[in-house]
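The values are calculated or read from the model by the stated rules, or taken from the named source; none is laboratory data. Predicted, not measured: the structure shown is a model, and the values here were computed from it. Don't worry about glycine lacking a Cβ; one is built from the backbone with ideal geometry, like all the others, and counts go over all protein chains shown.
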Amino acid sequence: MQGLLIINAGSSSLKFAMFEAPLAANALALFRGQIDGIGAETKFVAKDVNGATLSDTVIHAPAGTDLEGLQQFALEHLLSWIEAQKVELQAVGHRVLHGGEDYSAPVRITPEVFATLESFIPLGPLHQPHNLRPIRMLAKKYPQLPQVACFDTAFHRTQPWLAQTYPIPRKLTQEGVKRYGFHGTSYEYVSRELPAVIGAKAQGAVVIAHLGNGASMAALRDLKCVATTMGFTAAEGLMMGTRSGTIDPGILLYMVERHGYGAEELTRAIYKESGLLGVSGISQDMRTLEGSDAPEAKEAVDLFCYRAAREIGSLTMAAGGLDALVFTGGIGENSSHVRASIVKYLGWLGARLDADANAQRGKAQCISTPDSGVVVAVVPTNEEWMIAHHTSTLLG
Ligand code: ADP
């Protein structure tokens with residue numbers, strides 16, 4: 001069997017999914033899994049299409065292997081495991097953080113494209129080098145294997161200048177300090193599915209809320225992005241699992257001046273110690289917080305919903321109205337409490353939820369009442385399928 005391998009690589013983890021080629025509409029992955037703990041105890045887990053475990057093992061690289069060697073080792077393990085499943089790679093699609101200003105669509109990787117993608121590393125130093133590493137390793141091992149990059153930023157290239165520009169010295173803007181926006185593959189998938197779920201309203205003013213560990217929103221008109229909450233980095237916008245989202249830049253200066261924080265400590269505070277985890281002091285996980293009786297857990301969830309609703313206000317202005325609000329991502333697809341709390345803030349717009357529909361989880365459907373002033377819907381995202389689709393399309 002021939003397969004399309006989808007890779008989402010981080011510094012210490014690598015998520016993968018395999019789709020049968022040629023790709024069917026709405027195909028489920030033949031298998032999927034992840035390698036975690038690269039650099040420490042490295043675990044390899046793979047599950048089949050029904051969620052049954054195919055492999056769950058700790059893998060050991062030779063002692064003394066450096067981080068890059070360990071990443072290579074993890075990829076090699078995956079490739080030989082795939083071979084043992086009797087799947088032959090037809091192509092590989094990669095989730096890549098940054099396409100800069102150059103790429104508004106996925107691209108087949110050539111040495112020239114790869115060099116351009118490397119030049120975006122300063123724009124995303126925490127992700128871009130890790131996203132690119134398996135591309136380089138695979139190109140070296142299998143020079144003929146087609147590889148495709150799908151960018152988190154691409155969907156947002158349609159934002160007008162006003163939405164992209166920060167009020168900072170022009171010199172920085174010229175260097176590329178702009179709002180790029182992320183989660184683009186998820187927005188693209190959801191916007192593709194949306195007309196089938198809500199009909200003609202999908203072409204109007206729509207806000208999609210991708211609420212997961214990382215969380216962002218995008219405002220669309222005619223299914224094209226006109227504004228988004230994430231910015232130059234994925235730290236801006238909504239309160240997230242461990243990220244603060246938008247805060248007063250003066251707080252960063254305060255941490256530097258008052259507490260002597262350097263870049264590393266600031267990064268940790270903003271990316272790893274804030275958000276739901278920081279406010280609750282309990283967990284970054286929405287399910288855990290919803291199940292907790294601690295007042296701090298409730299405060300964290302309340303703040304998450306309030307901040308999300310405020311951002312919807314801002315995006316409504318950018319979209320010139322609000323015909324539909326669409327939830328996706330782990331929290332958006334599964335938490336009826338979060339959806340209800342956010343929609344309650346939109347009561348002044350006449351937004352009303354159908355309680356029975358909202359109580360369901362993970363189903364693409366409209367969850368507002370017929371008389372609601374705003375159509376509210378849930379559309380489960382599927383970033384891997386979207387990358388597989390682009391990969392097979394670019395192969396021709
Ligand atoms: P990531 O950004 O890592 O892809 P996900 O989109 O998987 O994250 O979302 C993870 C979040 O979804 C976690 O906060 C998790 O608690 C939340 N979540 C998953 N299922 C539920 C549920 N049934 N109720 C509430 N929250 C849920």
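Here are the numbers for this structure:
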quantity	calculated
Filter result for TYR103 (among the hydroxyl-bearing types (Ser, Thr, Tyr), at pLDDT 95 or above and crowded, with 23+ Cβ neighbours inside 10 Å)	no
Filter pass, ALA74 being more than 27 Å from THR393 (Cα to Cα), touching a residue at least 12 places away in the same chain (Cβ under 8 Å) and in a helix (DSSP H, G or I)	yes
Tally, over region 245-261, of residues that are exposed (fewer than 10 other Cβ atoms within 10 Å of the Cβ) and among the small types (Gly, Ala, Ser)	2
Residue list for region 113-154, restricted to those being crowded, with 22+ Cβ neighbours inside 10 Å and of a type in the set (S, T, N, Q)	ASN131, GLN147, THR153
Hits in region 318-349 (condition: among the small types (Gly, Ala, Ser), under 18 Å from the mean Cα position of the chain (by Cα) and buried (at least 21 other Cβ atoms within 10 Å of the Cβ))	GLY329, GLY332, SER335
Residue that is surrounded by the fewest Cβ atoms within 10 Å (Cβ to Cβ), among those in region 206-234 that are within 14 Å of the ligand (Cβ to nearest atom) and not in a strand (DSSP E or B)	ASN213
Qualifying residue in region 358-371 (condition: within 19 Å of GLU311 (Cβ to Cβ) and in contact (Cβ under 8 Å) with a residue 60 or more places away in the chain)	no
Among the candidates LEU349, LEU277, LEU289, residue that is among the hydrophobic types (A, V, I, L, M, F, W, C), within 9 Å of the ligand (Cβ to nearest atom) and without any contact (Cβ under 8 Å) to a residue 40 or more places away in the chain	LEU289
Among residues of region 322-346, those that are more than 16 Å from the ligand (Cβ to nearest atom), more than 23 Å from ASP222 (Cα to Cα) and of a type in the set (A, V, I, L, M, F, W, C), counted	0
Close pairs (6 angstrom Cβ cut-off, 6 or more residues apart or separate chains): closer than 15 Å to ALA9 by Cα in region 111-140, of a type in the set (Gly, Ala, Ser) anywhere	HIS130/ALA9; HIS130/GLY10; HIS130/SER11; ASN131/ALA9; PRO134/ALA9
The listed residue being at pLDDT below 95 and away from the ligand (no atom under 16 Å from the Cβ), out of LEU315, LEU395	LEU395
Matching residues, region 166-212, being of a type in the set (S, T, N, Q) and under 22 Å from the mean Cα position of the chain (by Cα)	THR185, SER186, SER191
